[in-house]
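Since the structure comes first, as structure tokens, the remarks are kept for the end.
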Amino acid sequence: MGQPLWLGLLNVSVMPTFIGTSLLFYVAQRFDWWFGYTILLFVPFWVLGFFVWNFGAGLLIDRLLSNRPSAAVGPPCPHCTKPLASKYAQQCLHCGADWHNSRTA
Ligand SMILES: [Zn+2]
């Protein structure tokens with residue numbers, strides 16, 4: 001998948017388990033349930049933690065740490081004000097304005 005092993009383990013093992021266990025302890029305390037009952041919720045909480053981490057926080061962190069263009073946005077185009085693909089973009093994908101080789105940009 002082109003990512004280091006530690007990152008894969010973090011994403012599919014460590015963080016879902018951490019989030020699932022945290023929810024488990026929260027529910028056990030909040031509703032004052034015996035832990036033996038709440039442990040039954042570990043699997044659905046783990047799955048919830050997996051999705052929250054990988055499709056919420058994971059995508060957000062990935063977006064913040066990378067400079068790849070994505071559906072999320074860069075600064076507005078100086079010509080048409082629509083969002084550029086990234087903060088490093090030198091051409092607008094909407095109006096085609098191009099400031100490659102510009103020394104001031
Ligand atoms: Zn533009």
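The values are calculated or read from the model by the stated rules, or taken from the named source; none is laboratory data. Please read all numbers here as calculations on a predicted model, not as lab measurements. With ideal geometry, Cβ positions are generated from the backbone for all residues, glycine too; neighbour counts draw on all protein chains shown. Remember, those area values only see protein heavy atoms, side chains included, never the ligands or the DNA or RNA. Shrake-Rupley method; radii C 1.70, N 1.55, O 1.52, S 1.80 Å.
Things to note:
- Among residues of the stretch 7-17 being touching a residue at least 24 places away in the same chain (Cβ under 8 Å) and of a type in the set (A, V, I, L, M, F, W, C), the one that is most open to solvent (accessible area, probe 1.4 Å) is Val12.
- Verdict on Val43 being exposed (fewer than 11 other Cβ atoms within 10 Å of the Cβ), outside any loop (DSSP other than H, G, I, E, B), modelled with pLDDT of 90 or more and not charged (D, E, K, R): yes
- Verdict on Gly20 being in a helix (DSSP H, G or I), more than 20 Å from Leu65 (Cβ to Cβ), open to solvent by less than 80 Å² (accessible area, probe 1.4 Å) and out of contact with any Cys (no Cβ under 8 Å at 6 or more places or on another chain): yes
- Failed item, numbered, when Ala97 is tested on (1) in contact with a helix residue (DSSP H, G or I) (Cβ under 7 Å, 6 or more places away or on another chain); (2) within 16 Å of the ligand (Cβ to nearest atom); (3) of a type in the set (A, V, I, L, M): (1)
- Taking each residue of the stretch 83-105 that is more than 18 Å from Val73 (Cβ to Cβ) and looking for partners that are modelled with pLDDT of 85 or more and not in a loop (DSSP other than H, G, I, E, B) with beta-carbon atoms closer than 7 Å, six or more apart or interchain, yields Asp98/Gln91; His100/Gln91.
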